[in-house]
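Beneath this line is the structure, given in structure tokens, with notes to follow.
The values are calculated or read from the model by the stated rules, or taken from the named source; none is laboratory data. Since the structure is predicted, the reported quantities are computational estimates derived from the model, not experimental observations. Counting neighbours? That spans all protein chains shown, and the Cβs are built from the backbone with ideal geometry, glycine included. Heavy atoms of the whole protein, side chains included, go into the accessibility calculation; ligands, DNA and RNA do not. Shrake-Rupley method; radii C 1.70, N 1.55, O 1.52, S 1.80 Å.
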Amino acid sequence: MSQKFSESDSQLLAEIIRLRRDVRGNRFLPKPVGDDIIDKLIDAALNAPSVGYSQPWQFVVIREDATKQQVHQSFVKANAAGREQFTGNKNTQYSKLKLEGILEAPVNLAVFYQSQSTPVLGQTSMPDMGRFSVVCAIQNIWLMARSLNVGVGWVSIVDPDTVKQALNAPQDAELIGYLCIGYVEDFLDEPELKTKGWEKQRNKADVIFNEVFK
């Protein structure tokens, strides 16, 4: 018989989702993150849905400072290039943002998509479905981490090829997410980029359509 959940279970999950945060480097504590916690996070990832039950994910757990340094150097270069794409007030805001925690987080986790050489059920018309499956796995990690009071930050401002080289990744492996994982003193009540005025929260009514776009 399938498991039934209570209304309180549903409310708890809604709170975990609502209070999930992208954690930056200035919020991580030096407290070690045990292998048991990382195992729970990866187990959550492995229970994510995947197109055609392909399970196209691979994970690299990174604890060594030397490896983190290589990835951080990639961030520094990519971050400088990214900042140049914004002008005026946005450029000023950008320069003040702490956008990663590669060196500060006790654990980094690189998440890769591994394509298959044969057709995958459900992916024949939409080839990106495999990559989306890996994103579902990352979301599971994020939510499980929040339930364990562990912070996660997703760093997208890196050169994927540099990260692959640092991790000796196979040529056909594609970096989807680079995560910084660690305990935090507290979690912000609101997303940081919202409170800093980088973007405004969209109204629910503005993103929902019935039957067709209007």
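In Å², and per residue, what accessible area does the stretch 6-154 have when probed at 1.4 Å with the other protein chains present?
Working: 8230 Å² over 149 residues.
Roughly 55 Å² per residue, with all protein chains present.
Of Thr195, Gln171, Thr87, which is farthest along the charge dipole of the chain in the positive direction, counting Lys and Arg as +1 and Asp and Glu as -1 at C-beta?
Value computed over the given set: Thr87.
What number, rounded to the nearest 500 deg cm²/dmol, is the helix-based mean residue ellipticity at 222 nm of the chain, given -39500 (n - 2.57) per DSSP H run of at least four residues and division by all its residues? Numbers along the way, then the final one.
Numbers: 7 runs with 82 residues, N = 214.
For the chain, the value works out to -12000 deg cm²/dmol.
Under 1.5 on a/c is rounded, so check that first for the stretch 100-214, then, if it is not, pick prolate when a/b is larger than b/c and oblate when it is not; a ≥ b ≥ c are the square roots of the alpha carbon gyration tensor eigenvalues. Numbers along the way, then the final one.
Values: a/c = 2.03, a/b = 1.06, b/c = 1.91.
It comes out oblate by the Cα gyration axes.
If I model the stretch 12-110 as equal point scatterers sitting on the Cα atoms and use the Debye formula, what is log10 I(q)/I(0) at q = 0.11, 0.25 Å⁻¹?
Those come out to -0.50, -1.30, one per q.
Nearest 5 is fine: what % of DSSP beta bridges in the chain come out antiparallel, could you say?
Antiparallel bridges: around 95 percent, rounded to the nearest 5.
Using DSSP to call loops (not H, G, I, E or B), can you name the trypsin sites (Lys or Arg not before Pro) in the stretch 179-212 whose Cβ has at most 10 other Cβ atoms within 10 angstrom?
Details: sites: Lys194, Lys196, Lys200, Arg202, Lys204; in loops: Lys196, Lys200, Arg202.
Answer by residue number: Lys200, Arg202.
Which is the longest stretch in the chain that no exposed loop site breaks, taking sites as chymotrypsin sites (Phe, Trp or Tyr not before Pro) with a DSSP loop state and at most 15 other Cβ atoms within 10 Å? Walk me through the numbers before you get to the answer.
Working: sites that count: Phe5, Phe86, Phe187, Trp198, Phe209, Phe213.
Answer - 87-186.
When the dipole is taken about the Cα centre of the chain, and only Lys, Arg (+1) and Asp, Glu (-1) are charged at their Cβ, what size is it in debye, to the nearest 20?
Working: 24 positive and 26 negative charges, 130 e Å.
It works out to roughly 620 debye.
When all alpha-carbon pairs of the chain are counted, what percent fall beyond 31 Å? Intermediate values should be presented prior to the final figure.
Values: 6164 of 22791 pairs.
So the pairs more than 31 Å apart make up 27 percent of the total in the chain.
Determine, from the Cβ-Cβ distance of Asp36 and Gln114 and an R0 of 35 Å, the FRET efficiency 1/(1 + (r/R0)^6), rounded to the nearest 0.05.
Working: r = 26 Å, r/R0 = 0.74.
The calculated FRET efficiency here is 0.85.
Write out the trypsin sites (Lys or Arg not before Pro) in the stretch 68-175 meeting two conditions: DSSP loop, and at most 16 other Cβ atoms within 10 Å of their Cβ.
Values: sites: Lys68, Lys77, Arg83, Lys90, Lys96, Lys98, Arg131, Arg146, Lys164; in loops: Lys98.
Counting only loop positions with at most 16 other Cβ atoms within 10 Å, the trypsin sites (Lys or Arg not before Pro) in the stretch 68-175 are Lys98.
Can you divide the C-alpha Rg of the stretch 142-206 by 2.2 N^0.38 Å and report the result to two decimal places?
Values: Rg = 16.0 Å, N = 65, 2.2 N^0.38 = 10.7 Å.
Here the answer is 1.49, to two decimals.
Please give the charge dipole size of the stretch 11-118, origin at the Cα centre, charges +1 on K and R Cβ atoms and -1 on D and E Cβ atoms. Round to the nearest 20 debye.
Details: 14 positive and 11 negative charges, 121 e Å.
I would put it at about 580 debye.
If I stretch the segment between Val212 and Thr195 completely, what's the gain in nm (0.36 nm per residue apart, minus their alpha carbon distance), one decimal?
Details: separation 17, 0.36 × 17 = 6.12 nm, distance 3.29 nm.
Full extension from Val212 to Thr195 adds 2.8 nm.
What range in the chain is the longest one free of GluC sites (Glu not before Pro) that are in a loop by DSSP and have at most 13 other Cβ atoms within 10 angstrom?
Working: sites that count: Glu64, Glu84, Glu185, Glu199, Glu211.
Between the exposed loop sites, the longest stretch runs 85-184.
Ranked by accessible surface with a 1.4 Å probe, highest first, in what order do Ile38, Ile176 come? Mind showing how you got there, number by number?
On the way: Ile38 10, Ile176 35 Å².
Largest accessible area first, the residues go Ile176, Ile38.
Can you work out the FRET efficiency for the pair Leu97 and Asn47, with r the C-beta to C-beta distance and R0 = 45 Å, to the nearest 0.05?
Details: r = 33 Å, r/R0 = 0.73.
Efficiency at R0 = 45 Å is approximately 0.85.
At a 1.4 Å probe, what is the % contribution of carbon and sulfur to the accessible area of the stretch 4-53?
Values: 1870 of 3350 Å².
Answer for the stretch 4-53: carbon and sulfur cover 56 percent of the accessible area.
At 0.36 nm per residue, and after removing the present C-alpha to C-alpha distance, how many nm does the segment from Val76 to Glu185 gain when stretched out fully? Please report the intermediate quantities before stating the final value.
Working: separation 109, 0.36 × 109 = 39.24 nm, distance 2.56 nm.
The Val76-Glu185 span can extend by a further 36.7 nm.
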